[in-house]
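A.B. asks: Here it is, the structure, as structure tokens.
What follows is calculated from the coordinates using simple rules that are stated; it is not laboratory data. Predicted model only: the values in this text are computed from it and were never measured. Please note: Cβ atoms are built from the backbone with ideal geometry, for glycine as well, and neighbour counts cover all protein chains shown.
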Amino acid sequence: MNWEAKFSSDAGAIKASEIRELLKVLADPGIMSFAGGIPDPALFPMLQAGRIAENLAAEPDRDCQAMQYSQTEGYPPLRHWIAEHHSTPCVTLGTENILVTNGAQQSLMLLASALINGGQTIAVAEPTYLGALQVFGTRRARYMPIETDRDGLVMESLESACKNGARLLYTIPDYQNPGGFSLSEDRRRRVVELAHRYDVTVLEDAAYRSLYYDAPPPPSLLELEGEYLGPGQWDDRGRIIQLGTVSKTLMPGLRVGWTIAPRILLERLVLLKQASDLHTATYNQILAHELARDILDRHVGTLRQVYGQRRDSMVSALQQYLPDGVDFTEPEGGMFVWLTLPTGMDAKPLLEKALAEEKLAFVPGAAFHANGGGENTLRLSFATCSAEDITDGMKRLSALIRREYLAIAA
């Protein structure tokens, strides 16, 4: 049976995630992994989740409700919490602006289905989140990569893309995956202005926004658009759509994310979700809501302290041990450091040697480049290793890079 001949064009456009494939290799407990962009399971609020489950079990009617079919839009108390916590002085959200999804990844999938026609040109950062490229690939999107620097998207590059036909921008303004950089407030305001000048829809992925280690990030694009339009105008005139999730702050296994969008768009997303999976698991939504309501603020405070120390260990070790000619970002939040090797070095064979010789793993950076390139880049995650292991791992990785660089130079 020739199944390849029977695949739809959408199925044929899907590419494997290099990260997911790499994670299969990391089952060996002897490998020190800086690859996966995943939170540390030791920090999951398991005791609190267990108490919530016990309380549900003690109320049979409510426990049965948690296992029943429910509204496509999502569990009403959770939607109310999201609307309340993400409203801004000029953007007053209601539950009609909130759709609960199976993680922010499903938000991306639904938005791509609603907003991207086959072959449409969209703008993405160079580099950008691999999972978003996978989703956009199912729509056979054409990419206009936007240049980035330490302050995020370069505005001249973005405006050029807008002038040349890009009508959708996907961006992670806060502590970007994979680059680690954040968009400055001046550039955020410029993104909003360009979106309205050129009629561009902006997907603002806010997955890492709460994980700051030095100071809170600048106002979100959603908040700045509210200021740009004035109070009460966003639901009719807004172009910023915000994606959120509890995966990085509570537990990814809950698969609870959300989309914040103007009502007319949200209504269409609801229909697409109905056709996809009817609704997100009610039980998980109840857990997410009660955890968010009761412990989220102090739990995120713990995450900031732990991850911030690990960030400091990685940056300090790289500063101390990396050879000259290697550049890296120093993120103010999130989970990632982006490393640029000297021209001529390739991160893929470097990974093979790191696994074989040092039992270290990272993600080669080429996969995060929409139209190819980036062979001399790689992504490091500091979220799941101890500060001591990070220092040791960066020392060994730096020594390997030095050896490979000297071999090339010779």
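A.B. asks: Under unit Cβ charges (Lys, Arg +1; Asp, Glu -1), what dipole magnitude, rounded to 20 debye, does region 70-295 have relative to its Cα centre? Don't jump to the answer; show the numbers that get you there.
C.D. replies: On the way: 21 positive and 26 negative charges, 136 e Å.
With Lys and Arg at +1 and Asp and Glu at -1, about 660 debye.
A.B. asks: Amide H to amide H, which residues 5 or more places from Val363 or on other chains are under 5 Å from it, using H placed in the peptide plane?
C.D. replies: Result for Val363 returns Arg379.
A.B. asks: Related question: Which whole-number percentage describes the relative contact order of region 292-410, with Cα contacts under 8 Å and a sequence gap of 6 or more?
C.D. replies: On the way: 149 pairs, mean separation 37.9, N = 119.
After rounding, I find 32 percent.
A.B. asks: Only counting other Cβ atoms within 10 Å, I'd like Leu378, Leu153 sorted with the fewest neighbours first. Don't skip to the answer; put the middle values down first.
C.D. replies: Working: Leu378 30, Leu153 27.
Ordered by Cβ neighbours within 10 Å, fewest first: Leu153, Leu378.
A.B. asks: Which whole-Hz ³J(HN,Hα) couplings does region 187-198 yield from phi under the Karplus relation 6.51 cos²θ - 1.76 cosθ + 1.60, θ = phi - 60°, glycine and proline marked x?
C.D. replies: 6, 4, 4, 5, 4, 4, 4, 5, 4, 7, 5, 10
A.B. asks: Check which residues have an amide H placed less than 5 Å from Met144's amide H, if you skip close sequence neighbours.
C.D. replies: Residues meeting the criterion, in which the H sits 1.01 Å from N, are Ile122, Ala123, Val124.
A.B. asks: For n ≥ 4 DSSP H runs only, could you compute -39500 (n - 2.57) per run for the chain, divide by its residues and tell me the 222 nm figure to the nearest 500? Could the numbers behind the result be given before it?
C.D. replies: On the way: 15 runs with 185 residues, N = 410.
Calculated mean residue ellipticity at 222 nm is -14000 deg cm²/dmol.
A.B. asks: What do you get for GluC sites (Glu not before Pro) in region 112-203 restricted to DSSP loop and a cutoff of at most 15 other Cβ within 10 Å of the site's Cβ? Walk me through the numbers before you get to the answer.
C.D. replies: Values: sites: Glu147, Glu156, Glu159, Glu185, Glu193; in loops: Glu147.
Listed in order of number, the matching sites are Glu147.
A.B. asks: What's the angle, to the nearest 10 degrees (0 to 90), between helix 387-409's Cα axis and the longest principal axis of the chain?
C.D. replies: On a 0 to 90 degree scale, this one is about 50.
A.B. asks: Using Cα centres only, tell me the gap between region 281-324 and region 364-410 in whole Å.
C.D. replies: 22 Å
A.B. asks: Separate question: Go through region 32-45 residue by residue and turn each phi into a ³J(HN,Hα) via Karplus (6.51, -1.76, 1.60, θ = phi - 60°); whole Hz please, and just put x for glycine and proline.
C.D. replies: Per-residue couplings from phi come out as 8, 9, 10, 8, x, x, 10, x, 7, x, 5, 9, 5, x Hz.
A.B. asks: What ranking of Phe44, Phe328, Phe7 emerges when the number of other C-beta atoms within 10 Å of each C-beta is taken as an exposure proxy, fewest first?
C.D. replies: On the way: Phe44 16, Phe328 19, Phe7 12.
By the 10 Å Cβ count, ascending: Phe7, Phe44, Phe328.
A.B. asks: Which ³J(HN,Hα) values, rounded to whole Hz and listed in residue order, are derived for region 153-163 from phi using the Karplus coefficients 6.51, -1.76 and 1.60 in 6.51 cos²θ - 1.76 cosθ + 1.60 with θ = phi - 60°, glycine and proline given as x?
C.D. replies: Calculated HN-Hα couplings, in order: 4, 7, 5, 5, 5, 5, 5, 4, 5, 4, 5 Hz.
A.B. asks: Mind listing the long-range amide H neighbours of Gly152? Cut-off is under 5 Å, sequence gap 5 or more, other chains count too, H placed in the peptide plane at 1.01 Å from N.
C.D. replies: Excluding prolines and chain starts, which carry no amide H, the hits are Ser182.
A.B. asks: In addition: With the chain treated as a Gaussian network of Cα nodes joined by springs under 10 Å, which of Leu296, Leu243, Leu108 yields the largest mean-square fluctuation?
C.D. replies: Top of the fluctuation ranking is Leu296.
A.B. asks: Hey, what's the Cα Rg ratio for region 70-295 versus the globular rule of thumb, 2.2 N^0.38 Å?
C.D. replies: Numbers: Rg = 16.4 Å, N = 226, 2.2 N^0.38 = 17.3 Å.
After normalising by residue count via 2.2 N^0.38 Å, the value is 0.95.
A.B. asks: Here's a follow-up. Within 10 Å, count the other beta carbons around each residue, average over each peptide in 49-59, 227-237, 116-126, 301-311, and list them highest first. Write down the numbers at each step before the final one.
C.D. replies: Details: 49-59: 13.3, 227-237: 15.3, 116-126: 19.2, 301-311: 17.1.
Order by mean packing, descending: 116-126, 301-311, 227-237, 49-59.
A.B. asks: Here's something else I'd like to know. If you average 1/r over all unlike Cα pairs in the chain and invert the result, what Kirkwood radius do you get in angstrom? Walk me through the numbers before you get to the answer.
C.D. replies: Working: mean 1/r = 0.0449 Å⁻¹.
One decimal place: 22.3 Å for the Kirkwood radius.
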